[in-house]
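Accompanying notes for the structure given below.
The values are calculated or read from the model by the stated rules, or taken from the named source; none is laboratory data. Values in this document were obtained by computation on a predicted structure and should not be read as measured data. All Cβ positions, glycine included, derive from the backbone under ideal geometry; neighbour counts span all protein chains shown.
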Amino acid sequence: MSITSTKILDQINPEDQNLLQSKTLIRKFGRPEDCVELHVYDLNNNLLKSVYNFEDYELPDIDDPQGYFSEIIFNPDKAVRDLGFTSGEYKLRVNFHRRQVANTLENLFYIDTISPSRTELKIKINSEENLSSLLFSTNQYIAELSDNIEGVSYFKDFALNLENDVILTGVNFISEENVTNSFFIKLYEPLPNTLQEKTQFRLVEELTSPIEYTVNLGQLSEITIDSTELRGPNLRIDTRLNSSVPSAYKAYNDILLSNSTDTTNNLLGALSSSIPISIEFDNPTTPTGYTYENFIHFSSAEERLRNFKYKLELVELYTSKSAYMGGLSSGTTRYSQVIDENNQLKNNVIKGFDEYERFLYYESGTYAWPKSNTSKPYSLYPVTASEAISWFNTNLSSSEDFDGENPYILRNTLPQYLIDNDENEQFITFVDMMGQYFDNIWLYIENITDKNIAHNSLKEGISKDLVFNALKERGIPAFDQFENANLFEYLIGFDGTGEDNLDDLLTGVEAILTEAGQVIITETGNVLVLSTPTATVSTKSDITKEVWKRLYHNAPYLLKDHLKEYFPHILLHLI
């Protein structure tokens, strides 16, 4: 808050000054090469911060023929605060320098050799660029130092600026005879031991002795905020309500020990996929009447359908190769390796399915690839079967019509002569692939606002995989009775053996069912939440999330203060 002391730091010891014949020299500030340095220290003389070209000062309104000034005006308190210090006591040292040889902050010289007394230095110019002009300027400066003043030979002192506020006074400066770029300097005081050969520096003239200010910024004041204090944590909450029994640990191989490879691939695909968007691949209720409008914007529906058929052909090829080699196998290692390689190729194709291809492969219905059975896990008709050919031709025609009517398809950005040229078929396919990439981004952008759509359907409104957090944000606790269920049952609706175990959900709960077909989801205190799974719900995960979506759909009704006492009864009627 105030300057407690000001001190001038003499560069020459007082006892030496009495032995010297002095001459008053008038030095003024204002040349282009004049500069101000600031160095901030703590009270223990530890250097904290330096500014080598301080410019936040004012010049007095004094008329001078040459435009020079004998004083400058600045605020030491403000200077320290502007450097980031807000409280405490500091020392501020101010140096007033005139750059010599060249008007630059670069260190033009370096120490080549140091004498045993450390008061004599052999120096050289550091820069190879403009060496001749720097040599000329240096020799000219040496001549200026020994100019005559009023007929008396007089050597002006100079200084070596080694940065970090290390300023050493020089008392003699000469060039080495018959040697280019070699000079000798005699120092007033020995070179500090912390500085060694190759240390760089620049030459300056001190316009006045350094000044040291002691600045007291005061103590850091406490900030008081006039606001309502938040209530502290409630440490008496009964945490047993949210406790659960964790499932047993399983290794990766335990998950893979399944009798059905397709079942395992379905599970791994579900585990590795990101949070899905609620997409209805089989809902033709769109403005154009095509299901493709729900998930295709830039890509080609025809190309994606053909690509899926191509992948199915690969799956059938690898399956037939494995079966053929299995029939020939006589227990040799080579046969087993070939079988494993084909199985791995098949699995890689299936695991690479996108969401639409997963729907075609794993689901059943009018818009999915035809299946030869009616229960999971489904068996797909081969691509050569009459049912598959008929389905493919029908949907291929529909996809071609959709592409023709889709104004956003990315290939429409291409010139028509490129599209009409059959030699560009691969390029157009590449453009369609890029369109599919942008389709994935478009889907998420289109569904950003779906979080605010509280639809009770699994496939509409907020994603079923986000609804748990959405309920949590509104202060509604949600629980999952099946959190410890088998992964196969939970995510895909049947266990690793391929058996549909959805009916097992009713085991052991008949006594508390109020209507036939209802399934218990959770029971907390007096709250009993029941659900009747719809025909489209086939996994324990979806059964739980359907209840969550119904709760989210009716959240405004449930959160009304005057209805909280009827909360258990409301739940039973809503779900």
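Among the numbered conditions (1) modelled with pLDDT under 90; (2) over 55 Å from the mean Cα position of the chain (by Cα); (3) farther than 20 Å from residue 178 by Cβ; (4) of a type outside the set (Asp, Glu), the only one that residue 127 does not meet is (2).
Just one of the listed residues (383, 349) is out of contact with any Pro (no Cβ under 9 Å at 6 or more places or on another chain) and free of Cβ contacts under 8 Å to residues at least 40 places away in the same chain, namely 349.
A search for C-beta distances below 7 Å between a residue of segment 78-104 that is touching a residue at least 60 places away in the same chain (Cβ under 8 Å) and any residue that is part of a strand (DSSP E or B) and among the aromatic types (Phe, Trp, Tyr), counting only pairs 6+ apart in sequence or on different chains, returns 80/90; 90/41; 91/41; 92/213; 93/41; 96/29; 100/158.
Of 356, 335, all but one fail to be touching a residue at least 60 places away in the same chain (Cβ under 8 Å) and among the aromatic types (Phe, Trp, Tyr); the exception is 356. Against the criterion of being among the hydroxyl-bearing types (Ser, Thr, Tyr), within 23 Å of residue 439 (Cα to Cα) and either in the same structural domain as residue 433 (by TED's automatic domain parsing) or at pLDDT 90 or above (or both), residue 408 qualifies.
Only a single criterion out of (1) at pLDDT 90 or above; (2) loosely packed, with under 13 Cβ neighbours inside 10 Å is not satisfied by residue 182, namely (2). Scanning segment 159-200 for residues being in contact (Cβ under 8 Å) with a residue 60 or more places away in the chain, closer than 22 Å to residue 146 by Cα and either charged (D, E, K, R) or part of a strand (DSSP E or B) (or both) gives a total of 10. Only a single criterion out of (1) surrounded by 14 or more Cβ atoms within 10 Å (Cβ to Cβ); (2) touching a residue at least 40 places away in the same chain (Cβ under 8 Å) is not satisfied by residue 405, namely (1). Residues of segment 201-230 that are assigned to a strand (DSSP E or B) and of a type in the set (Val, Ile, Thr): 204, 211, 214, 215. From (1) surrounded by fewer than 19 Cβ atoms within 10 Å (Cβ to Cβ); (2) part of a loop (DSSP other than H, G, I, E, B); (3) in contact with an Asp or Glu (Cβ under 6 Å, 6 or more places away or on another chain), pick out the condition that doesn't hold for residue 376. That leaves (1) as the condition not met.
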